[in-house]
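Every number in this text was worked out from the coordinates using simple rules, so none of it is lab data. All values reported here derive from a predicted model rather than from experimental measurement. Note that each Cβ is placed from the backbone with ideal geometry, even for glycine, and that neighbours are counted across all protein chains shown.
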Amino acid sequence: MAKNYTITFVSLGCPKNTVDSEAMLAGLAERGFILDSSSENTDFYLVNTCGFIEPAKEEAIEELRRGIQLKKEGKVRFVAAAGCLVERMGRELADALPQIDCLISLCERDKAAEILLKTAKSKGSRKIETASGNKFVSNDSVRLLTTSPGSAYLRISEGCGRGCSFCTIPAIRGPFRSKPKDEIIREAEMLCESGTREVNLIAQDTTGYGKDFGLEEGLCELLEELVKTDLDWIRILYLYPASVSERLLDTIASHKKIVNYIDMPIQHIDNELLKSMRRTDSQEQTAALIEKIRAKLDEPVIRTTVISGYPGETAEKHKRLLEFVKWAEFDALGAFAFCPEKDTPAGKMDGQISEEVKNRRVDEIMRAQQEIAFGKNRNMLGKKLTLLTEGFCEDYTQARYYGQAPEIDSVCALPGEQIEPGKFVKAEVAETSDYDLICRLV
């Protein structure tokens, strides 16, 4: 047993990485590791990295350098890196930061404790675990949840087969592959038994679920089984717009447990750029889909992301995107400046846009979206909502209604209330505070 080993664990990146971190934490706890967030006199400093785009890579390397500095100061004994950046860079990362004691690739996730124990036994002799082979979907049933009580992520597939020209995910996470439905249902039932009230379905492309099993509407079939569990809220994240079918919308509309929250990154709206991005949708299809969503679902919340400054984005194409954002009136939107990743087709394209122009365009889109979001919030005044509490923050309880996904969206605040997390309460919107809602119990 490794009960005397202490570890500082840093988790970076998206919800998929969060699930990997939770699985690693469970495995470490099972082998006797003691979690210590102080970074003072700990045995291990482990960073589960993100490497999707250059800013994420820089953040991960900065965090690893922090661990290396702590090692130099004698505050930690070993520094370890795991996750996407390890998968993407491999030995290049080891060469760039030779002070790292071990690297753990994605497919070695469940062996993290074993690898760290070997590292300790060898007294820092470098253990580089970068075995390739993204052929399976990890079993995520045993996890140490780090999300707020009552809420959890539920991964339904891994990898991606879309081949978008700007994306590094297939190179990092491998080809698209679905998790068996029975395994997902068992995970959902285990989460229910642990007190989870809400699950957020995650994948690189949730609409693709089951297609590798020969299922045309696999996500709908999965949802029909998930609603039979004791879950209260089921939220679907990462929908691919071109694959949001009539049946999927009907399935969502037919079950109260499936919240009317549509998260679908459109990336852009100019047809020429969409083709260059290797996306299979168009402005006309996306506009029709938004209208269909609002016709079929009761008060749906639509969230999206867009890329500004993609190669070849002229001022006219940017204006087209900006006007579409104003027309669509998304409930939530994130705009990101294009990052030219060297190992992607888009990263090598002509017509790269300057950082100054990209950032200005992002700002224009976000200012337009802010006006939309603030207006929508004002329209929420007096509305009665069901909230899921998340915890105490100073003098209020933080909560969310169905239109707010955890960690990425705004929140609801209940001033003067102290309600334990993971509880559903009834409330009325009394005020707004920028993107957030101020509510009172009813």
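Points to keep in mind about this one:
- Hydrodynamic radius (Kirkwood) for segment 314-430, which is based on Cα pairs only, to one decimal in Å: 17.1
- TRP327, TRP233 arranged by Cβ crowding within 10 Å, fewest neighbours leading: TRP327, TRP233
- Degrees separating the helix 181-193 axis from the principal Cα axis of the chain, which is the longest one: 90
- Per-residue Cβ neighbour rank within 10 angstrom, fewest leading, CYS192, CYS167, CYS84: CYS192, CYS167, CYS84
- Both radii were evaluated on the Cα set of segment 384-441; the Rg over Rh quotient, with Rh as the Kirkwood radius, amounts to 0.90.
- Working value for segment 362-411: equivalent-ellipsoid semi-axes of 23, 15, 10 Å, each the square root of 5 times a Cα gyration tensor eigenvalue, largest first.
- Computed [θ] at 222 nm, deg cm²/dmol, the chain (DSSP H ≥ 4; -39,500 (n - 2.57); rounded to nearest 500): -10500 deg cm²/dmol
- Look at MET349, MET264 and count the other Cβ atoms within 10 Å of each Cβ; fewest to most, that gives MET349, MET264.
- Tilt relative to the chain, helix 283-296 - C-alpha long axis, 0 to 90 degrees, to 10: 80
- Counting only Cα atoms, the size of segment 47-91 along its three principal axes is 31, 17, 15 Å, in decreasing order.
- Spin-label pair ASP212/ASP230, simplified geometry with 7 Å Cα→Cβ offset, distance in nm: 3.2
- Convex hull volume per residue, computed on the Cα atoms of segment 151-379, equals 127 Å³.
- Placing R0 at 41 angstrom, the Cβ-Cβ distance between HIS255 and ASN4 gives a FRET efficiency of 0.25 after rounding to 0.05.
- In units of the rule-of-thumb radius 2.2 N^0.38 Å, segment 6-129 shows an alpha carbon radius of gyration of 0.93.
- Projected label distance in nm at ALA29 and GLU356, using a 7 Å step from Cα toward the beta-carbon: 5.2
- Potential lengthening between ASP343 and ARG186 on full extension [0.36 nm per residue; Cα-Cα distance subtracted]: 52.8 nm
- With the charge dipole of segment 384-441 set up from +1 on Lys and Arg Cβ and -1 on Asp and Glu Cβ about the Cα centre, the Cα lying farthest toward the positive end among the listed residues GLN418, LEU387, THR432 is that of LEU387.
- The tail of the calculated P(r) for the chain beyond 33 Å holds 39 percent of all Cα-Cα pairs.
- The angle between the Cα long axis of helix 54-72 and the main principal axis of the chain comes to about 30°, on a 0 to 90 degree scale.
- Around the Cα centre of the chain, unit charges on the Cβ atoms of Lys, Arg, Asp and Glu (plus for the first two, minus for the last two) sum to a dipole of about 840 debye.
- Sites GLU193 and ASP363 - FRET efficiency at Förster radius 45 Å, r taken between beta-carbons, to 0.05: 0.45
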